[in-house]
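Accompanying notes for the structure given below.
The values are calculated or read from the model by the stated rules, or taken from the named source; none is laboratory data. Keep in mind the model is a prediction, meaning the values are calculated, not measured. Note that each Cβ is placed from the backbone with ideal geometry, even for glycine, and that neighbours are counted across all protein chains shown. The accessibility values were calculated without ligands, DNA or RNA, using every heavy atom of the protein model including side chains. Shrake-Rupley method; radii C 1.70, N 1.55, O 1.52, S 1.80 Å.
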Amino acid sequence: MKPAKSVNWLRNRWYQAGWADEVTAKTPLVRTILNEPIMFYRMTNGSIAALFDRCPHRFAPLSAGTIDGDIVTCGYHGLGFASNGACVANPHGPVTSAMRVSAYPVAERHSALWIWMGDPVLANTAQIPDLSFIDETPEAARIQMYMPTRANYQLITDNILDLSHADYLHPNSLGGIMVGSQASSREEGDTIVAEWVSEDCVPPPAFVQMVAPAEKADIWIDVVWQAPALMVLRTAAKPTGIPRTVADESYTLHNMVPETDMSTHYFACSTRRFLVDDADFSAFLKTTLEHAFIDEDKPMLEKQQARMGTPDLWALDPILLKVDAAAVRARRKLDALIAAEQAAKNADLVS
């Protein structure tokens, strides 16, 4: 049984399905990605398998059944399926070729679980985004988050590519410097880069400990977007006039993975190269980021999406401001990639 396909997604990409530690030997993970319910489970050799979570007989969730070794058995009528999706047990008669479910290529890298949602023949783990900054950071200095959000993934992407909202939505933690900063954006190869530079500014509360005891700071922020919706936000802060170094930088993953047209799996992981052994700073930063993301960003994005009533931003004819430049670039690039992928698929069908 194959899941229904949508033309609205960029399919030949690796999508983050979760954090690798969400799937244990005893605990499978069920998550909908691109409108497809998927069951992830860890096999006896420690690797992870992913199956379309619907039995082809009477459409019960396979995840409502049992796992014995590497075999998933439907809890409704007992059909068993191997990690490649093929039926290997039918207590009611012979096994036929029609008795199968879709299996997906999966991989573990950078503490994350990745799934390929397109043509399995094209799956290449070398194309998994390079997030080695996570691996290079001690666990004590990582802040890992998962924030399911009832909003379209591109709408949430816009939120990170336009950080001017921080001055209004996060005034007591991250905001206060963005609107007056030197802002720019550009297309760089397959990526979109948005940058903000705030010189000789009063640092927001989240940055104070990075520059203390100085009262003024130079702060650099940039976001690098790659399709379909993965962004890495890099930040550095120094007392005014002191150049930054690589050791001053922090990196935060913001990865928006579509669940449906109107809901998103939001994965984030904040890392840093300074104060890595400072438990108090880690606790402070964790509280600050969770408040900003969960208590401020998430409610606003969900209210925004509910008021829009559609995942199609352009259908509402939005007013565009200068601060929208990077988000518009990303949307247009993604639209072009989706169109090219569909054209290639259609050409293959014709030939």
Revision key, fill the gap. Screening Glu188, Glu290 for residues that are out of contact with any Phe, Trp or Tyr (no Cβ under 8 Å at 6 or more places or on another chain), within 21 Å of Lys333 (Cα to Cα) and surrounded by fewer than 18 Cβ atoms within 10 Å (Cβ to Cβ) leaves only Glu188
Point to revise | Given (1) touching a residue at least 12 places away in the same chain (Cβ under 8 Å); (2) surrounded by fewer than 19 Cβ atoms within 10 Å (Cβ to Cβ); (3) outside any strand (DSSP E or B), index of the condition Cys55 fails | key: (2)
Revision key, fill the gap. Of (1) surrounded by fewer than 20 Cβ atoms within 10 Å (Cβ to Cβ); (2) of a type outside the set (S, T, N, Q); (3) assigned to a strand (DSSP E or B), Pro243 fails just (3)
Check your understanding: Of the residues in segment 16-35, how many are more than 16 Å from the chain's Cα centre (by Cα) and open to solvent by less than 10 Å² (accessible area, probe 1.4 Å)?
Key -> 1
**Study point:** Filtered residue count, segment 205-261, keeping only those that are over 17 Å from Leu285 (Cβ atoms) and in contact with a Pro (Cβ under 6 Å, 6 or more places away or on another chain)
**Key:** 3
Revision key, fill the gap. Those residues of segment 191-214 that are among the polar types (S, T, N, Q) and either surrounded by fewer than 20 Cβ atoms within 10 Å (Cβ to Cβ) or within 23 Å of the chain's Cα centre (by Cα) (or both) come to a total of 2
Study note, to complete from the structure: Within segment 298-351, residues surrounded by 11 or more Cβ atoms within 10 Å (Cβ to Cβ), among the charged types (D, E, K, R) and outside any helix (DSSP H, G or I) come out as Asp312
Check your understanding: Among the residues of segment 248-276, how many are part of a strand (DSSP E or B), open to solvent by 20 Å² or more (accessible area, probe 1.4 Å) and either of a type in the set (D, E, K, R) or more than 21 Å from Ile38 (Cα to Cα) (or both)?
Key -> 2
Review point. Cβ-Cβ below 6 Å, separation at least six or inter-chain, first residue in segment 94-109 and under 16 Å from Asp53 (Cα atoms), second polar (S, T, N, Q): which pairs?
Key: Ala103/Asn84
Practice item. Kindly establish whether Asp295 is assigned to a helix (DSSP H, G or I), open to solvent by 30 Å² or more (accessible area, probe 1.4 Å) and modelled with pLDDT under 95. Key: no
Revision key, fill the gap. Those residues of segment 277-301 that are in contact (Cβ under 8 Å) with a residue 12 or more places away in the chain and among the acidic types (Asp, Glu) come to a total of 4
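Results for (1) in contact with a Pro (Cβ under 6 Å, 6 or more places away or on another chain); (2) assigned to a helix (DSSP H, G or I); (3) basic (Lys, Arg); (4) open to solvent by 20 Å² or more (accessible area, probe 1.4 Å), shown as yes or no for each residue.
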position: His92; (1), (2), (3), (4): no, no, no, yes
position: Glu108; (1), (2), (3), (4): no, no, no, yes
position: Ile134; (1), (2), (3), (4): no, yes, no, no
position: Thr137; (1), (2), (3), (4): no, no, no, no
position: Gln144; (1), (2), (3), (4): no, no, no, yes
position: Leu155; (1), (2), (3), (4): no, yes, no, no
position: Ile160; (1), (2), (3), (4): no, yes, no, no
Point to revise | Residue among Ala49, Ala60 that is open to solvent by less than 40 Å² (accessible area, probe 1.4 Å) and in contact (Cβ under 8 Å) with a residue 24 or more places away in the chain | key: Ala49
